[in-house]
Amino acid sequence: MRNHDPLIYDFANRSFRDLADQDYVSARVAYRNEFDQQFRWCALQAIEKYLKAILLYNHVPYKSRSHNLNEALHLVQSIKDLEFSILCDVEEFVDYISVYGADRYLCHPTHLKDSALLTLDKSVWYIRRYCF
């Protein structure tokens, strides 16, 4: 049986979920202003914090020092009683953002698909709904 500590949930809400919401809104604003790199960075931050919140809600330890969303996503997918599922295009977007979102110093050439904002919205919809 899991320990349902309200302080842990409050911490996860304030430190991860609520800040992820702000990063998500920032990513949308950046996209609308054609700030591609800032869009990728804020999208990465939002998805990473949502995933970390889910892990914390479910008492799954995660101490990665990198912005590897794939690692966090696989941990979330491995939570047995969560029944976490996302669409293939969401998983592809998470993979893309994991690679190119953290590239703040422009080490790799990148581009945004025309559907990037829609796919971010879809990704947040499918991931954030597990932030409870």
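Just so you know, in the stretch 19-61 the residues that are among the basic types (Lys, Arg) and touching a Ser or Thr at 6+ places or on another chain (Cβ under 9 Å) include one that is nearest to residue 79 (Cα to Cα), and it is 52.
Selection of first residues in the stretch 110-132 that are within 16 Å of residue 34 (Cβ to Cβ) and of second residues that are at pLDDT below 95, restricted to Cβ pairs under 6 Å at least 6 apart or on distinct chains, gives the following pairs, ordered by first then second residue: 110/100; 112/36. Of the residues making up the stretch 50-89, those that are under 26 Å from residue 5 (Cα atoms), surrounded by 13 or more Cβ atoms within 10 Å (Cβ to Cβ) and of a type in the set (Asp, Glu) number 1.
With respect to (1) part of a helix (DSSP H, G or I); (2) in contact (Cβ under 8 Å) with a residue 40 or more places away in the chain, the lone exception for residue 59 is condition (1). Scanning the stretch 29-48 turns up at least one residue that is in contact with a helix residue (DSSP H, G or I) (Cβ under 7 Å, 6 or more places away or on another chain) and among the hydroxyl-bearing types (Ser, Thr, Tyr). Going by the structure shown, is residue 102 among the hydrophobic types (A, V, I, L, M, F, W, C), at pLDDT below 90 and within 18 Å of residue 123 (Cβ to Cβ)? Yes, satisfied. Any residue that is open to solvent by 50 Å² or more (accessible area, probe 1.4 Å), among the aromatic types (Phe, Trp, Tyr) and without any contact (Cβ under 8 Å) to a residue 24 or more places away in the chain - is there at least one of those in the stretch 30-37? For the stretch 30-37, residues open to solvent by 50 Å² or more (accessible area, probe 1.4 Å), among the aromatic types (Phe, Trp, Tyr) and without any contact (Cβ under 8 Å) to a residue 24 or more places away in the chain: present. Residue 92 meets each of the listed conditions (1) touching a Ser or Thr at 6+ places or on another chain (Cβ under 9 Å); (2) open to solvent by 70 Å² or more (accessible area, probe 1.4 Å); (3) touching a residue at least 40 places away in the same chain (Cβ under 8 Å) apart from (3).
The values are calculated or read from the model by the stated rules, or taken from the named source; none is laboratory data. Remember, it's a predicted structure, so these values are computed and weren't measured experimentally. As a convention, Cβ positions derive from the backbone with ideal geometry for all residues, glycine included, and neighbour counts pool all protein chains shown. With ligands, DNA and RNA removed, areas are computed over all heavy atoms of the protein, side chains included. Shrake-Rupley method; radii C 1.70, N 1.55, O 1.52, S 1.80 Å.
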